[in-house]
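Below is one structure, written out as C-alpha cells; comments come after it.
Computed from the coordinates by the stated procedures, all read-outs in this text should not be read as laboratory data. Please read all numbers here as calculations on a predicted model, not as lab measurements. Cβ atoms come from the backbone with ideal geometry, glycine included; neighbour counts cover every protein chain shown.
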Amino acid sequence: MPAPTILVVEDEPILRMAALAMMDDAGFEAVGARSTEMAIRILETCPSIRVVFTDVDLGPGPDGLWLASRVRDGWPPVGVIVTSGHRHVTQAAVPEGAVFLGKPYLEEQVLDQVRRFA
C-alpha cells in the first residue's frame, strides 16, 4: 500500500522544504505548495492527499484558515493541520475536525496529528 500523501502549504521556501523533509523522513509522500491557489490546484488533481498541513500567513491572497475551510467543504475526508508563528489562532477559528499547532512546534506533535488523520 502506498504511503499517504501530505500537502504542505507554506510560502517561506526554507520552512516549506523543512516540513517536506519532515514528512519524507517519517515515511509519507509529500507535496509542497506556496499559496492557497496552488494548494487547491493540487487537491483537485491529486486524490491521494490525506492531510493538508498549512501555515496561516501565506502572503498575498487567501490565508491558511480560508484554505482549511475550503478543504473541509470540498474534501471532507482530508485532515487539516493549521500552524502559525505570528497569529494566535483559537481552536474555534479552525474548521471542525481541524487542528491548530503554534510555531515553533515539535515535529512529533505534527507527525502524531498527521498519523491520526492519515
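Tell me the residue from GLY64, GLY59, GLY85 that is touching a Lys or Arg at 6+ places or on another chain (Cβ under 6 Å) and closer than 22 Å to MET17 by Cβ, please.
Numbers: GLY64 fails: touching a Lys or Arg at 6+ places or on another chain (Cβ under 6 Å); GLY59 fails: touching a Lys or Arg at 6+ places or on another chain (Cβ under 6 Å).
Matching residue, one of GLY64, GLY59, GLY85: GLY85.
Taken over segment 55-72, the criterion of being part of a helix (DSSP H, G or I) and of a type in the set (Gly, Ala, Ser) is satisfied by GLY64, ALA68, SER69. Scoring ARG72 on the criteria (1) surrounded by 12 or more Cβ atoms within 10 Å (Cβ to Cβ); (2) in contact with a helix residue (DSSP H, G or I) (Cβ under 9 Å, 6 or more places away or on another chain) leaves a single failure, condition (2). Note on segment 1-16: among residues that are surrounded by fewer than 18 Cβ atoms within 10 Å (Cβ to Cβ) and hydrophobic (A, V, I, L, M, F, W, C), the one that is farthest from LEU43 (Cα to Cα) is ILE14. Could you count how many residues in segment 91-102 are exposed (fewer than 14 other Cβ atoms within 10 Å of the Cβ) and either in contact (Cβ under 8 Å) with a residue 24 or more places away in the chain or within 17 Å of ASP24 (Cβ to Cβ) (or both)? Counting residues in segment 91-102 that are exposed (fewer than 14 other Cβ atoms within 10 Å of the Cβ) and either in contact (Cβ under 8 Å) with a residue 24 or more places away in the chain or within 17 Å of ASP24 (Cβ to Cβ) (or both) gives 2. Against the conditions (1) touching a residue at least 12 places away in the same chain (Cβ under 8 Å); (2) surrounded by fewer than 22 Cβ atoms within 10 Å (Cβ to Cβ); (3) not β-branched (Val, Ile, Thr), ALA39 satisfies every one except (2). Of the residues making up segment 19-54, those that are under 13 Å from the mean Cα position of the chain (by Cα) and assigned to a helix (DSSP H, G or I) are ALA19, LEU20, MET22, MET23, THR36, MET38, ALA39, ILE40, ILE42, LEU43. The residue that is farthest from ILE40 (Cα to Cα), among those in segment 55-69 that are small (Gly, Ala, Ser) and surrounded by fewer than 19 Cβ atoms within 10 Å (Cβ to Cβ), is GLY59. Scan segment 78-108 for residues that are outside any loop (DSSP other than H, G, I, E, B) and within 15 Å of ASP55 (Cβ to Cβ) and the total you get is 10.
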